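All of the numbers you see were taken from the coordinates with simple rules; none came from a lab. These numbers come from a predicted model, not from an experiment. Cβ placement follows ideal geometry from the backbone for every residue including glycine, while neighbour counts extend to all protein chains displayed.
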Amino acid sequence: MRSDDSIKVSCLNGELQVGDMVLSIPACDYPNMVGVVIEIHFLGSPEHESGNPEDDVLVNFNERYFPQRVRELEKHFSRLYGIEKTFEESPIDSVIMSPKTLLRITGVGEKILHEILAFEENAQQFGEALLNSHKQTNPYEKSN
């Protein structure tokens, strides 16, 4: 794992570095999940193995999800893989993500963190609000 905190990559609402807390967007295989950046592999580096046309951000999504959210995640991963998956069986401890699928949430308060760990809908609403507020403060940023 790289621990050099000078290594940064741009995500949807700013820059990410190892140790940052993130929230994934709904339109990915790991939707509305909270995690911590554990490594960054730049495009063209020997560590970059994913085949993605951009930098790889490795995220550990193994957070303290509330029981209802765990059930939501189990249903999601069971559908994704076509077989019943328990939360413990879900491959979430070192997920390669595109920076374009992540929102930086480092420093979010405990109350908000608990809300987004409790229900997927809460996480999605928080992510949308965060992204919308970022776009309003950066009007020259290209929208996808």
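Tabulated values for the structure
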item: For the range 93-135: rounded, prolate or oblate by the Cα gyration tensor [a/c cutoff 1.5]; result: oblate
item: Exposure proxy ranking, count of Cβ atoms within 10 Å, fewest first, for His134, His76; result: His134, His76
item: Neighbour net charge for Leu80 - beta-carbon separation under 11 angstrom, K R +1, D E -1; result: +1
item: For the range 38-138, alpha-carbon Rg over 2.2 N^0.38 Å; result: 1.21
item: Placed amide H near Met97: partners under 5 Å, 5+ positions off or other chain; result: Val57, Leu58, Val59
item: Amide H contacts of Ile105 (H built 1.01 Å from N, under 5 Å, at least 5 apart or other chain); result: Met21, Val22, Leu23
item: Under Karplus coefficients 6.51, -1.76 and 1.60, residue-wise ³J(HN,Hα) of the range 43-59 in Hz, glycine/proline x; result: 4, x, 7, x, 6, 6, 10, 6, x, 5, x, 8, 4, 9, 10, 8, 10
item: The range 41-92: C-alpha gyration tensor shape, a/c 1.5 cut-off, then a/b vs b/c; result: prolate
